[in-house]
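Please read the structure below before turning to the comments.
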Amino acid sequence: MDVEKKVIGTIEKYKLIRKADKVVVALSGGKDSTSILYILKKLGYDVHGLMIDLYLGGWSDVHRENMTRFCGELGVPLTVVNLKSEIGQGICFVKAVLAKKRGLTGCTVCGIVKRWILNRWARKMGADVIVTGHNLDDEAQNVLMNFLKGNVLLGVNSSPATGGGITRDSGFGGRRSEVGGFVQRVKPLFFVPESEILKYAKKKGFDILYDRCPCAFGTYRVGIREWVRSVSDKEKLKIVKGFQKLIPELRKDDVREMKKCRKCGEPSRGEICSACKIFECL
């Protein structure tokens, strides 16, 4: 597969990014986000990196150093957000508390906290879009996880552009979804298998860590991920595209109203957002 060509096709088909946009790429330091940063820069987009230092010991240190060097070589501005400065604790402490108090798994907690920080900081940076490195394998996992949990509505916003489309909100001066303050998230790697991204990153010689997150074990997502690995890329694509066909009907049943969290002001489905519910436990 020509990964760059697939990215270009997805961007054009779903109108994900315009050349005039300020594009903030959420960087983890892994192959997916590193590859999409490189590709978008190569394609001439106004790219800025945004990374969260999760305080996962040496693993985080190496990722931060790698991305600082990589962005410097590409001439891409990089903003690193210190998690302890943001919420007062590193992610390991947060996950341990939430596992004990609310029975939430590490991946769930980490995902909620990261999305909350990324949206706040992308808005501070004046981003028109946030680009994430989610790939075909990630999306297939999400479809299967939500189905097995008996709540397919959890994936109602699953698409190359979160929310299913791009709109403008002049109140915030940039590209947004239907809720003020929510920076549009886009996934140019949506239809690219993880195996192809790995080949691409290694062919380009990216000097990064290719290891999984040290906390990614013993969770529901990890179990699903292992099963998805046994499925062919063609079958993964069928799973994801099949679910995309269901989304228009699912949205008719999704009556949840988007609000603003009364504590932090971020977009929320309830009076208090999921991130603030986590922070209440700390």
With a point put 7 Å past each Cα toward its Cβ, work out how far LYS124 is from SER85 in nm, to one decimal. 0.7 nm
Report the extension gain between TYR220 and MET258 in nm, rounded to one decimal, defined as 0.36 nm multiplied by the number of residues separating them, less their alpha carbon distance. 10.9 nm
Toy charge model, Lys and Arg Cβ at +1, Asp and Glu Cβ at -1: the chain dipole around Cα centroid in debye, rounded to 20, equals 440 debye
Arranged by the count of other C-beta atoms within 10 angstrom, fewest first, what order do MET145, MET67 take? MET145, MET67
Take the residue pairs LYS114/LYS277; LYS31/LYS238; LYS114/LYS149; LYS42/LYS187; LYS101/LYS149; LYS199/LYS234 and return only those whose Cα atoms are more than 19 Å apart. LYS31/LYS238; LYS114/LYS149; LYS101/LYS149
Let me have the relative contact order for the range 1-97, percent, based on Cα pairs under 8 Å that are six or more residues apart. 24 percent
Computed over the chain, the relative contact order (Cα-Cα under 8 Å, seq sep at least six) in percent reads 22 percent
Using the eigenvalues of the Cα gyration tensor, what equivalent ellipsoid semi-axes result for the range 3-281 when each is taken as the square root of five times the eigenvalue, whole Å, largest first? 24, 23, 22
Could you work out how far the C-alpha centroid of the range 92-167 sits from that of the range 214-282, in angstrom? 5 Å
Which Cα, out of PHE243, ILE224, TRP116, lies furthest along the positive dipole direction of the range 3-281 (beta carbon charges, K/R +1, D/E -1)? PHE243
For LYS100 and ARG251, what does the FRET efficiency come to when R0 = 51 Å and r is the distance between their Cβ atoms, rounded to the nearest 0.05? 0.90
If exposed means trypsin sites (Lys or Arg not before Pro) lying in a DSSP loop and surrounded by at most 16 other beta carbons within 10 Å, then the longest stretch of the chain lacking such sites spans residues 20-148
Reachable aspartates and glutamates, given that their alpha-carbon falls under 20 Å from the alpha-carbon of LYS204 and they are not under 8 places away in the same chain: ASP2, GLU4, ASP32, GLU65, GLU73, GLU194, GLU196
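Where a number appears in this text, it was derived from the coordinates with a stated rule and is not lab data. This one's a predicted model, so the numbers in the text were calculated from it and none came from an experiment. Here Cβ is always computed from backbone atoms with ideal geometry, including for glycine, and neighbour counts include all displayed protein chains.
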